[in-house]
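Below is one structure; the comments refer to it alone.
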Amino acid sequence: MLAHASAPVILLLHDKNMAAVQALPRILDWIEQEQSRVAREGGVPIRIVDYSVLLPERAAHPLVESVSP
């Protein structure tokens, strides 16, 4: 399914789902192969990001003071 995506894809895997855990090595291998192909053809590489990129920035809690070492 990933190979046929025509738009950006968000792939969300939960480690509580055994099928996702078992699929991860195949998914990572596919991404590595795809990155190589895209590099050869001069295309746009796959961008892998941590989930924190999707979260809004949060201001520090007003009651918490930062402490310098």
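The values are calculated or read from the model by the stated rules, or taken from the named source; none is laboratory data. Owing to the predicted nature of the structure, the values given are computational and were not obtained by experimental measurement. We place every Cβ from the backbone using ideal geometry, glycine too, and count neighbours over all the protein chains shown.
Numbers at a glance
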{"item": "Condition broken by Glu34, with the remaining ones in (1) assigned to a loop (DSSP other than H, G, I, E, B); (2) touching a residue at least 24 places away in the same chain (Cβ under 8 Å) satisfied", "result": "(1)"}
{"item": "Scope segment 1-16; condition more than 17 Å from the chain's Cα centre (by Cα) and of a type outside the set (D, E, K, R); matching residues", "result": "His4, Ser6"}
{"item": "Members of segment 15-27 found to be loosely packed, with under 11 Cβ neighbours inside 10 Å and in a helix (DSSP H, G or I), listed by number", "result": "Met18, Ala19, Gln22, Pro25, Arg26"}
{"item": "Residues of segment 30-54 satisfying the condition of being acidic (Asp, Glu) and within 14 Å of the chain's Cα centre (by Cα)", "result": "Glu32, Asp50"}
{"item": "Residue match in segment 46-57 (condition: modelled with pLDDT of 80 or more and either in a helix (DSSP H, G or I) or among the β-branched types (Val, Ile, Thr) (or both))", "result": "yes"}
